[in-house]
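First comes the structure, then the notes that go with it.
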Amino acid sequence: MPVHLDADNRRIQLDGRWYPVARHRVETVDLPPDLDSPPHRTRQALVPVGETGWELSIVWGTGTYSDNHACLFPPSIGGSEFVEDPDRVEIAAFNRDGIMVDWADGDTVQGYVVAAEVAHILDRLADLPADLTVIPL
């Protein structure tokens, strides 16, 4: 089941469940014609995690570690069309001080994460103290 942002109602659907969105970005930037590139698109939702102070960033824009990674290039040379409701997204977690926290594998972002796994991570973050410097997931 794909990820779906309902920007008008400030919510995101993950694995059939709706989650509130604190902030979101929906941007499209046309690049100069001489670059022969498709527009650069950014889609991001920042989802607060209960009362813990955690916030999960969910991103699926041009060049991100999502179904839209190959949108950097036109389809004529191997790029792909932009997917508004992707199956796989990039995520990052921020603690209550707004600092991006590492995951257990040492990376600050996790890529190509399916909606069901994002929902699972949100549930798990709700049980973790927000002062951790590494997320043990």
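Only the coordinates and a few stated rules stand behind these numbers; no lab work does. All of these numbers come straight from a predicted model, not from anything done at the bench. For neighbour counting, all protein chains shown are included, and Cβ atoms are generated from backbone atoms with ideal geometry for every residue, glycine included.
Of [x] 49, 33, 25; [y] 67, 50, 25; [z] 37, 36, 31, which one was derived for Cα extents along the principal axes in Å from the structure shown?
[x]
Using only helices, what value at 222 nm comes out for the chain when you add -39,500 (n - 2.57) per DSSP H run of length 4 or more and divide by the total residues, to the nearest 500 deg cm²/dmol?
Working: 1 runs with 11 residues, N = 137.
Calculated at 222 nm, the ellipticity per residue is -2500 deg cm²/dmol.
Residue by residue through region 58-72, what is 3J(HN,Hα) from phi via Karplus (6.51 cos²θ - 1.76 cosθ + 1.60, θ = phi - 60°)? Round to whole Hz and write x for glycine and proline.
In residue order, the calculated couplings are 10, 10, 8, x, 3, x, 7, 7, 8, 4, 9, 4, 7, 6, 5 Hz.
Please give me, ordered by residue number, the GluC sites (Glu not before Pro) of region 77-133 that lie in loop per DSSP and have at most 12 other Cβ atoms within 10 Å.
Answer by residue number: GLU81.
Specify the longest stretch of the chain that does not include any exposed loop site, a site being one of the trypsin sites (Lys or Arg not before Pro) with a non-H, G, I, E, B DSSP assignment and at most 16 other Cβ atoms within 10 Å.
It works out to 11-95.
In nm, to one decimal, how far is the modelled label at ASP30 from the one at ARG17, with both set 7 Å along Cα→Cβ?
Each label point is offset 7 Å from its Cα along the Cβ direction, giving 4.1 nm.
If each of ASN9 and ASP123 carries a label point 7 Å out from its Cα toward its Cβ, how far apart are those two points in nm?
So the two model labels end up 2.2 nm from each other.
Calculate one ³J(HN,Hα) per residue across region 107-123 by plugging θ = phi - 60° into the Karplus curve 6.51 cos²θ - 1.76 cosθ + 1.60, and present them in order as whole Hz with x for glycine and proline.
For region 107-123, the Karplus-derived couplings read 7, 8, 10, 10, x, 6, 8, 6, 4, 4, 5, 4, 4, 5, 5, 4, 4 Hz, x marking Gly and Pro.
Rounded to whole Hz and in sequence order, give me ³J(HN,Hα) for region 47-56 from the Karplus expression 6.51 cos²θ - 1.76 cosθ + 1.60, θ = phi - 60°, writing x for Gly and Pro.
My calculation for region 47-56 gives 9, x, 10, x, 9, 6, x, 5, 9, 10 Hz in order.
Please list, in chain and number order, the residues 5+ apart from LEU137 or on another chain whose amide H is under 5 Å from its amide H, with Hs placed from the backbone.
Those lying under 5 Å, H to H, from LEU137 are ALA104.
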